[in-house]
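These notes concern the structure reproduced below.
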Amino acid sequence: MFKVALVGKPNVGKSTLFNRIIAKKKSIVDDQPGVTRDRIYDHANWLNKEFIAIDTGGLTNKNLSLQKNIETQVQYAIDEADVIVFMVSAKEGINAEDYYVAKLLKKHKGKKIILAVNKAENADRTQVKLYYSLGYGKPYFISSEHGIGTGDLLDEIIKIKSAGSSTDTPKHFAFCIIGKTNVGKSTLVNTILREDRVLVSPTPHTTRDSIDADFKYNDHTYTIIDTAGIRRKGKITDNIERYAVLRTEEAITRSNLILLILDGSRDFDEQDEVIGGLAYKANIPTVICINKWDIVKKDEKTMVQMTKLIRQRFKYLAWAPIIFFSALDNKRVHTIFETIMLIEKEIKIKVATSLLNDVIAKAQITNPPPKFKGGRLNIAYGTQVESQIPTFVLFGNDPKFLHISYARYMENQIRASFGLNHVPITLYFKDKNARTRGSRKDR
């Protein structure tokens, strides 16, 4: 699909323009320069024409931390983009950093480059010759914060956009990667994509945004979403980290599956369990991934012992598969996709109503429901309904008689009977006579 990259020095408003173009707040915006570090992608639509917008980190001639890595990310974005929007700031004026960016862009002679002068709501446009001196023709004066002039800029982009490009966006199986800081999430992304797609550094919080990337593996197309590492709430010290946590939660809502990354070389702690709780709350398939397995001192019993420990600490994810790998050395990373394919098969399982009712009847004969709140539950029949995960509605006399232990028992019977061993399932218990009684009760 047609791609448009936003490029410029730090703090010229690239992320603000990116968010306006895609019509949502995805890139973090802050007055502090250098907030965006990786390249951020999202779909955009203007005049019924779709394209991919790419936000990038700020380019500078100063010797700053991570600047070399940021420049590598920007170069990737430039290489794959069809159009580059070179952004400068009318508020700050043209300086050596702008000329540095202009010089870098001149190396890409085959690219269409549009010059956008941002923060121009109160700009002195008599100085237009100064912008022409950058060598990229007519400048487009805009205010990405207020939306002034952005329509004209997008019109120019659409003129360049190839008329025959498809407006259909394929829907891929999306999975996000969550975990604490420095457990190897970004390393895993780069290993899977076989490129330096996101920055990797020993410094915590190198990743701040959620990073999306489409790729193919064994003829299957996926979207992988890297997220920022989550610290305990008491440790979150600034707005940028708070935004990053919100982006992680938003990434989960866009995903079909979660990879919960744990550092196998360190003891698991309360924060690992808190992050696991986010996966449980999302109620979507989750794979518990033990990374850095290459540096763990182990023998033939280590994997079994660690599996037992994980089951004890993450009891609420008892159905989640556990895999072990090293993202850095690309050892056993293939097990991620083997597990995803297993989960995809289970998600697609459709249970015939007659078979489901046989299981329900047999389960109640083998282990009758206990008395609870003055009555005894009697499940008459059940059916599977359409949902993102296997979901069943069980109809009976009154859901208030249902004890939580019996709900777990019935869930386990359905799992064992139909091979639903590695995915969450949902059971709704409803009163079969609720409509005739004028009320609806369910649990």
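For residue 355 and residue 128, compute 0.36 nm times the residue count separating them, minus their Cα-Cα distance, and round to one decimal in nm.
74.2 nm is the gain from fully extending residue 355 to residue 128.
If amide hydrogens are placed 1.01 Å from N in the peptide plane, which non-local residues have theirs closer than 5 Å to the one on residue 141?
Answer set, sorted by chain and number: 117.
Round to a whole number: what % of the accessible area of the stretch 362-428 belongs to carbon and sulfur, probe 1.4 Å?
Taking all protein chains in place, the stretch 362-428 shows 52 percent carbon and sulfur surface.
Quick one: which of 68/281; 25/185; 373/430; 25/180; 26/216; 68/185 span more than 28 angstrom between C-alpha atoms?
With Cα atoms farther than 28 Å apart: 68/281.
Could you grab the relative contact order for the stretch 53-126? Cα pairs under 8 Å, six or more apart, rounded to a whole percent.
With pairs under 8 Å counted, the relative contact order is 35 percent.
So which lysines pass the test for residue 161, namely a Cα distance under 17 Å, with those fewer than 8 places away in the same chain ruled out?
Filter leaves 3, 49, 111, 112.
Sort 219, 42 by accessible area with a 1.4 Å probe, largest first.
If we order 219, 42 from most to least accessible, we get 219, 42.
If you average the alpha carbon positions of the stretch 64-135 and of the stretch 338-407, how far apart do those two centres end up, in angstrom?
The stretch 64-135 and the stretch 338-407 have Cα centres spaced 60 Å from each other.
Have a look at the DSSP beta bridges in the stretch 49-195 and tell me what percent are antiparallel, nearest 5.
Within the stretch 49-195, antiparallel bridges account for around 10 percent of the total.
Label residue 193 and residue 96 with points 7 Å out from Cα along Cα→Cβ: what is the distance between them in nm?
Distance between label points: 3.2 nm.
Cβ neighbours within 10 Å, averaged per peptide: list 124-132, 342-350, 180-188 in order, most packed at the top.
180-188, 342-350, 124-132
Quantify, in whole percent, the carbon and sulfur part of the accessible surface of the stretch 51-160 (1.4 Å probe; protein heavy atoms only).
Its accessible area is 48 percent carbon and sulfur atoms.
Treating only the Cβ of Lys, Arg, Asp and Glu as charged (+1, +1, -1, -1), what charge dipole size does the stretch 321-419 show about its Cα centre? Round to the nearest 20 debye.
360 debye
Rolling a 1.4 angstrom probe over the protein heavy atoms, how many square angstrom per residue are accessible across the stretch 303-396?
55 Å²
Could you compute the net charge surrounding residue 390? Neighbours are other residues with a C-beta less than 12 Å from the C-beta of residue 390; K and R count +1, D and E count -1.
Working: positive: 345, 348, 350, 415; negative: 346, 386, 411.
That works out to +1.
The values are calculated or read from the model by the stated rules, or taken from the named source; none is laboratory data. Quantities reported herein were computed from a predicted structural model and do not represent experimental measurements. All Cβ positions, glycine included, derive from the backbone under ideal geometry; neighbour counts span all protein chains shown. Please note that ligands, DNA and RNA were not included when accessible areas were found on the heavy atoms of the full protein model with its side chains. Shrake-Rupley method; radii C 1.70, N 1.55, O 1.52, S 1.80 Å.
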